[in-house]
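Visitor: Dropping a structure here in structure tokens format, bear with me for questions.
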Ligand SMILES: Cc1ncc(COP(=O)(O)O)c(C=O)c1O
Ligand SMILES: Cc1ncc(COP(=O)(O)O)c(C=O)c1O
């Protein structure tokens, strides 16, 4: 059976070049970077080289990069650490309604400590309006957190415009760029932010490693406390192989960014055009043009996401959905709902996230396999039956 | 040049068997365990298999194991999460004076939120007296955290005895077993604790992965917030390859524990006997018998640790020291000081931590190389000169 | 895939008795599209026995498999026997369901019962109205 | 290894002028074993020039390298020239020092100055007593 992985938003495969870069640090070069001997030296140099590569991808300075264990950790660290460092100035936070839960739940836990959150809404394309951000900012706003791009619907936010608004207020501006870094050009200077989260497994690097970029001079309270690693800002033995892998992935992403974007956009556009034209009552979610090059997210009406995924999986296709049934919490994607998509339609969400290993043939395969699956599920669906009857009556 | 790695306390090498177990998950099996397709299934099954292996090593149930990103994270999670979950009952914490900084600094940050710490002293061998723990516990004590074994001086605590004392009080008992798990038998039932931290890179598993065992029914507030991974208790994409490696390392540790302990104790004892007999004014630190099988820690008087490490390193030997100069914070080891060792002597600390890759020849090499190094540094030392003059005068 | 048993997978991949019965003797609808799953059961009754059962289902794999097995279990049973198809019987018959999918077996049993209620009401029997599942999203 | 320059490594591995001068003209001691480093400098003065300098040092690699280079720089210099061996001159001569090791270059320069003070005092000059480095561990 043909196997087609179209769930790169969940995690990308590790590129062979990245794996090769990691191997020495999984074998002989196993030292702890804090150790004062040659094994330690090798490990420390490798970590610093990787730091340089990650910094280069972001147009940042090496000493502004703090390695973490995941995108989630970067976001917890940023939100909690920046808010706590500023709390004498105020306890109000602004974030978009479609932030990842690692941002939103971090803010929720700050609320228990007296912080307040204003959620900025998004439009039907998932876009944040900088004017809305401006309106949400108060005198006691100390932190604004708006993601660079949304994984589920692909929408890319106008971070540069938002940062101009935030700067006027003196609040710290953090952006969760986990879905963006390594995929689209991200330059911290151009974005004008103060802190930025990224994760390795979103751009063909390893799982278990992320980074927080934090502008020189911006104060943050450590989240993981203990040893003096990462300049005392993130304790714990450095995950050397993963950090090396992240560095290599950053280097490759920088070098190949243009060609990757070209390739991904072209196969994505084939899917974005082909799917709604082959399947009635389906539509693209997220912004039509301001979107991640690999993201093709849809809603297919009258049927539910999990059953689509199961039938796709049966034919070798891996995808994702924001339906309630596919979530542990049995809640439809807060992102789709925030965009004004009704619950019953959100349950029919289907996300294909494309990666560098995908080809045009993969897309053609999806376009061949999916319509009969939709037909089959619709033939079982009481909602579709009702709709058909009403349509026939209407005729 | 002969290269002899004797810094297994900083990090152990990854065993080839562990590396081999990880490789598939660094290559084709790259799925996210949360995904609803075959890549996700493979990843999820691998994580659950690893969970079973870690649980088996501890005599625990699989669903009591939460994977984390490091020993440091396990300790931050345990200390902060357990204390916060209990805070309505009281805000007093008891910990030994020789805990790892990931425990002590976590408690320090809780102090800012109104918690209070009582530090239990240790004796000259680094042992905690259960009676002292009993005396430190108050009505409002909600958490006791005492490490199973100390990495720097090797002393193993009487956790079972301490847990009997703690149980009487109703406080939660956490033990940092990062230096113990995989090295000596650790059975959570026998220890009688409520929560236990461990880390992969302390027993030939990967860096970047740890675990927190937490007894069924014990409440904990999540530390890393976001997604629903690990039963909602630890968010973030699971680090599948590292978790698989941790599982394999746990399995190997269980199977080989006895032979490893025999081998390590025999070469350690050679060093413990040989070193002080070849070097005047040197002594073992930590407990003479209740100690980790691979730990041989000493103080060498009149000279300083970093310069010893540099000269050892020059001859291919990797070791560690608790001297001020070897620490970023320029402070002598709080462990040695808590044991009553004077500052000037603590600066001469030298820690050889032995691992399964070491042989008796390695130890013989150290015993050959070290004495001339000590002589050389003493010949430069004004302290040794003073001591010699006084001794000569005394004669 | 969700952690489904082989039997669930079989009923999901090859659902039995999908469809509508034009001249059904009873119809029962349970669930709510807002919540992500909804089932409609159609029954034909002959001599106090369910001579035919069909369903349509909007929902996850478990919802479809539950509908299918409920229909299969119900066909040929007397009304009284069919009333004994409880959620736990359904879950057991399917070889278990993941914890967060239990509610699907509730829906299936409930939809069948509602269809029987409907039939009995049409027969002139007094049937207590059941509480419909609330939509907790609104 | 700590991030030491080649020059630091050379002076650490092959320290110049280690030892004591029995009939020294001046002796200066700086640092404190409690803090982890201590240096004793011995000087011989001839015709206002440091004709010989020796040292003993307890401490880290940087402390030993600093002592060595200070001794090397001082030998042959006049008192006035030797006074110009400041911490920053020492660090520069060594090709830089890691930030947390700067204090070692302070110690070296200070110990030499104390030895010169001692000499001048013995010569009957009035020399202001210097503050000794505090031991911040007690
Ligand atoms: C935008 C965004 N932020 C944060 C995260 C969290 O990353 P992780 O689960 O790898 O920690 C994700 C994960 O997909 C994401 O898409
Ligand atoms: C006893 C103990 N606890 C916790 C830790 C922290 O482990 P890590 O630095 O790998 O996070 C260590 C590290 O050596 C340790 O020895």
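The numbers here are math on the coordinates, done by the rules we state, and not lab data. Quick caveat: nothing in here was measured; it's all calculated off a predicted structure. Neighbour counts are summed over all protein chains in view; Cβ atoms, including those assigned to glycine, are modelled from backbone coordinates with ideal geometry.
Visitor: What order, most packed first, do the peptides D:90-98, B:236-244 have when packing is the mean number of other Cβ atoms within 10 Å of each residue?
Guide: On the way: D:90-98: 18.6, B:236-244: 28.3.
Result, highest mean Cβ count within 10 Å first: B:236-244, D:90-98.
Visitor: Relative contact order for segment D:60-108: what percent, with Cα pairs under 8 Å and sequence separation of 6 or more?
Guide: Once divided by the residue count of segment D:60-108, the mean separation gives 53 percent.
Visitor: Averaged over A:2-9, how many beta carbons belonging to a partner chain fall within 10 Å of each residue's beta carbon?
Guide: Values: counts 0, 4, 0, 6, 1, 7, 1, 2.
Taking the mean over all residues of the peptide, I get 3.
Visitor: Ordered shortest first, which distances in nm separate the 7 Å Cα→C-beta label point of residue B:328 from those of the other copies?
Guide: Spacings between copies for this position, smallest first, are 3.2 nm.
Visitor: Set the Förster distance to 30 Å, then compute FRET efficiency between residue D:126 and residue D:81 from the Cβ-Cβ distance, nearest 0.05. Before the final figure, lay out each step's value.
Guide: Numbers: r = 21 Å, r/R0 = 0.71.
Given R0 = 30 Å and the Cβ-Cβ separation, E is 0.90.
Visitor: Can you list the copy-to-copy distances for residue A:259, using a point 7 angstrom from Cα toward Cβ, in nanometres, shortest first?
Guide: Sorted ascending, the copy-to-copy spacings read 4.9 nm.
Visitor: Here is a follow-up. Would you kindly work out, in nm and rounded to one decimal, the distances from the label point of residue A:357 to those of the same position in each other copy, ordered shortest first, with label points 7 Å along Cα-to-Cβ?
Guide: 3.0
Visitor: Could you please state, rounded to a whole Å, how far the C-alpha centre of segment B:40-68 is from the C-alpha centre of segment B:95-128?
Guide: What the calculation gives is 30 Å, centre to centre.
Visitor: Averaging sequence separations of C-alpha pairs under 8 Å and six or more residues apart, then dividing by the length of chain B, give the relative contact order as a whole percent.
Guide: After rounding, I find 21 percent.
Visitor: Same structure again: For a test of the definition: using alpha carbon positions, the gyration tensor, and the 1.5 limit on a/c, classify segment B:326-395 as rounded, prolate or oblate. If you can, show how the numbers build up before the last one.
Guide: Values: a/c = 2.42, a/b = 1.27, b/c = 1.90.
It is oblate, given that a/c is not under 1.5 and a/b is not larger than b/c.
Visitor: Another question about this same structure. When DSSP assigns beta bridges and you keep just the ones with both residues in the protein assembly as shown, what percent turn out antiparallel, to the nearest 5?
Guide: Details: 74 of 114 bridges.
Here the antiparallel bridges make up roughly 65 percent for the protein assembly as shown.
Visitor: Which peptide among A:326-332, A:7-13, B:206-212 comes first, and what is the full order, when sorted by highest mean count of other Cβ atoms within 10 Å? Write out the running numbers ahead of the final one.
Guide: Details: A:326-332: 18.9, A:7-13: 25.9, B:206-212: 30.9.
Output ranking for A:326-332, A:7-13, B:206-212: B:206-212, A:7-13, A:326-332.
Visitor: Taking every DSSP beta bridge with both residues inside chain B, roughly what % is antiparallel (nearest 5)? Mind showing how you got there, number by number?
Guide: Values: 20 of 39 bridges.
Approximately 50 percent, going by the DSSP bridge assignments.
Visitor: Using alpha-carbon pairs under 8 Å, 6+ residues apart, how would you state the relative contact order of chain C in percent?
Guide: Numbers: 260 pairs, mean separation 41.9, N = 138.
Computed value for chain C: 30 percent relative contact order.
Visitor: Taking the axis about which chain A rotates onto chain B, which residue of A lies nearest it as judged by Cβ position, and how many whole Å separate them?
Guide: Residue nearest the A-to-B axis, with distance in whole Å: A:69, 2.
Visitor: Assign one of three labels to segment C:6-120, namely rounded, prolate or oblate, based on the Cα gyration tensor with a ≥ b ≥ c the square roots of its eigenvalues; rounded applies when a/c is under 1.5, prolate when it is not and a/b is larger than b/c, and oblate otherwise. Each step should come with its number before you reach the end.
Guide: Numbers: a/c = 1.67, a/b = 1.44, b/c = 1.16.
It comes out prolate by the Cα gyration axes.
Visitor: A follow-up question, please. Mind running the shape call on chain B? Use the C-alpha gyration tensor, a ≥ b ≥ c as the square roots of the eigenvalues: rounded below 1.5 for a/c, prolate if a/b tops b/c, oblate otherwise.
Guide: Cα axes put chain B in the oblate bin.
Visitor: When you look at the Cβ of every residue in B:21-33, what mean number of other chain Cβ atoms sits within 10 Å?
Guide: For peptide B:21-33, the averaged partner shielding equals 4.
Visitor: Let me ask something additional. Average partner chain C-beta neighbours within 10 Å, per residue of A:71-79?
Guide: Numbers: counts 4, 10, 7, 1, 5, 7, 1, 0, 1.
What the average comes to for A:71-79 is 4.
Visitor: Distance from the Cα centre of segment B:162-200 to that of segment C:16-45, in angstrom?
Guide: Their Cα centres are 55 Å away from one another.
Visitor: Next up: At 222 nm, what value in deg cm²/dmol follows for chain B if DSSP H runs of at least 4 each add -39500 (n - 2.57) and the sum is divided by all its residues, to the nearest 500?
Guide: Values: 13 runs with 173 residues, N = 395.
Using -39500 (n - 2.57) per qualifying helix, the result is -14000 deg cm²/dmol.
Visitor: Give me the distance between the Cα centres of segment A:294-341 and segment A:216-282, rounded to whole Å.
Guide: A separation of 23 Å, based on Cα centres.
Visitor: In addition: Angle check, please: helix B:16-26 long axis (alpha carbons) against the longest principal axis of chain B (alpha carbons), in degrees 0 to 90, nearest 10.
Guide: Computed tilt is about 40 degrees.
Visitor: Can I ask one more? In degrees between 0 and 90, to the nearest 10, how far off the longest principal axis of chain B does helix B:38-58 point, with axes built from Cα atoms?
Guide: Orientation of helix B:38-58: about 50 degrees from the principal axis.
Visitor: Pick out which of B:347, B:92, B:37 has the largest mean-square fluctuation in a Gaussian network model of chain B, springs linking Cα atoms closer than 10 Å.
Guide: Highest fluctuation of the listed residues: B:37.
Visitor: Which order do the peptides D:121-128, B:251-258 take when ranked by the mean count of other beta-carbon atoms within 10 Å per residue, highest first?
Guide: Going by the mean number of other Cβ atoms within 10 Å, highest first, we get B:251-258, D:121-128.
Visitor: In degrees from 0 to 90, rounded to the nearest 10, what is the angle of the helix B:159-169 Cα long axis to the longest principal axis of chain B?
Guide: 50 degrees
Visitor: Tell me the mean residue ellipticity at 222 nm calculated for chain D from its helices only (DSSP H runs of n ≥ 4, each -39500 (n - 2.57), averaged over every residue, nearest 500).
Guide: Values: 5 runs with 55 residues, N = 138.
Here the helix-only value at 222 nm equals -12000 deg cm²/dmol.
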